[in-house]
Amino acid sequence: MPELPEVETLRRQLAPRLEGRRLDALAIHDARWCAPLAPAVVVDALHGRRLEALGRRGKYLVWELEDEAFLLMHLRMTGTLLLDPAGEPPYERVRFTFDAGAHELCFCDPRRFGTGELALGAPALEAFLALRLGVEPLSGQLDAAALRRRARGRRAPVKAFLLDQRNVAGVGNIYADEALFRAGVHPLRPAGALTRVQWDAVARGVREALVAGLAAGGASIDDFRHADGDRGAFQDEFLVHRRAGEPCPVCGCPVVKLVAAGRGTYACERCQPRPRRRRRVAPA
Ligand SMILES: [Zn+2]
């Protein structure tokens, strides 16, 4: 699933080509994309308006159209956005036409989990985002104190904590593994048990992993593609993610695969010591 670096890569490719242009037509071929709203409602709200800015929050692309009409796009599992593809690409669900065909943008999504949601007016946008997303990790606001406060008392593993978008926006399975490895923190360590020093390392690890992902144009381990169809390169730079059995880049011990937060998770259990089992009181 595309995470912050993948979505931001797309945003950076699309924004200079599309900002300032008029959305002349919006063809929604799959009503599931904007459900529960009917496609006609979404088309009415957006078409004919100029795209003032293409932003991002967490894994959402935020299309800001004239008069504070916002489209919030989430690519979910398999969504891609192709700019000016030749012909009709497979699994096309939505097509945007800008400036009388100067640019065509296709949203393609074989598994159809991707969504497009409307927010009308800045307060509606703020409410939408506040309900779903926590701190934006590259905004300068991700710090140990905030994470530790949020995690207090939580028994859930730190990996689950990082995957919850209401804590840190934009981190998914790849970047959570890479961040925890950089931080030297085991993914199964209970979030509420991390020390201030460990949260510092996690905050830094998240930022560093995301920045590395962005610099490589994101990771293309499955469906993610750039707006021109190219692949990202970050999958070639993973430190531990999907590298089970390979030597840890720091200590040489084999990387292990385990399950945390219900997801395939990769770690070096020498660099990221496993938390000690709590001692059980034997029944009388
Ligand atoms: Zn190691």
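The values are calculated or read from the model by the stated rules, or taken from the named source; none is laboratory data. Because the structure is predicted, anything quoted here is derived from the model rather than measured. Positions of Cβ are backbone-derived with ideal geometry, glycine not excepted, and every protein chain shown enters the neighbour counts. Side chains included, ligands, DNA and RNA excluded: accessible areas come from the protein's heavy atoms. Shrake-Rupley method; radii C 1.70, N 1.55, O 1.52, S 1.80 Å.
Couple of notes before you dig in:
- Spherically averaged projected area of the convex hull of Cα atoms, the chain: 17.1 nm².
- Accessible-area order (highest first, 1.4 angstrom probe) of the listed residues D228, D109: D228, D109
- GNM on the chain, alpha-carbon springs under 10 angstrom: the most fluctuating residue among R111, R148, R270 is R111.
- For segment 1-52: Kirkwood Rh in Å [reciprocal of mean 1/r, alpha carbons]: 12.7
- The sum of -39500 (n - 2.57) across all DSSP H runs of n ≥ 4, divided by the residue count of the chain, sets its helix-only mean residue ellipticity at 222 nm to -8500 deg cm²/dmol.
- Sites D164 and R11, calculated FRET efficiency, Cβ-Cβ separation with R0 22 Å, nearest 0.05: 0.45
- Relative to the globular-protein estimate of 2.2 N^0.38 Å, the Cα radius of gyration of segment 67-205 stands at 1.32.
- Global form of segment 162-253, assessed from the alpha-carbon gyration tensor, a/c cut-off 1.5: oblate
- Put a plus charge on the Cβ of each Lys and Arg, a minus charge on the Cβ of each Asp and Glu, and nothing anywhere else: the dipole of the chain about its Cα centre is then about 2400 debye.
- Per-selection Rg to Rh, segment 21-116 - Cα, Kirkwood hydrodynamic radius: 0.92
- Near the amide H of H103, within less than 5 Å, lie the amide hydrogens of F98, all on another chain or at least 5 residues away, with H placed in the peptide plane.
- Extension reserve of the R152-E126 stretch, reckoned as 0.36 nm per residue once the Cα distance is removed: 6.8 nm
- Estimated FRET transfer efficiency (R263, E52; beta-carbon r; R0 35 Å; 0.05): 0.40
- J(HN,Hα) series, segment 129-135, from Karplus relation 6.51 cos²θ - 1.76 cosθ + 1.60, nearest Hz, glycine and proline x: 6, 5, 5, 10, 10, x, 5
- Segment 1-77, relative contact order [Cα under 8 Å, separation at least 6], %: 33
- For the chain, modelled as a GNM whose springs connect Cα atoms under 10 angstrom apart, the maximal fluctuation among L210, L51, L120 occurs at L120.
- Packing-based ranking of 258-264, 60-66 yields 60-66, 258-264, ordered from highest to lowest mean Cβ neighbour count within 10 Å.
- Result for the chain in a Gaussian network model with C-alpha springs under 10 Å: among A169, A219, A124, the largest mean-square fluctuation is at A124.
- Legend: P(r) of segment 160-208 from all alpha carbon pair distances, 10 Å bins from 0, whole percents, reading 28, 65, 6.
- Local net charge near I28, Cβ-Cβ under 13 Å (Lys/Arg +1, Asp/Glu -1): -1
- Per-atom-type breakdown for the chain gives carbon and sulfur 49% of the accessible area (1.4 Å probe, protein chains only).
- Put a plus charge on the Cβ of each Lys and Arg, a minus charge on the Cβ of each Asp and Glu, and nothing anywhere else: the dipole of segment 1-125 about its Cα centre is then about 320 debye.
- The chain, relative contact order [Cα under 8 Å, separation at least 6], %: 18
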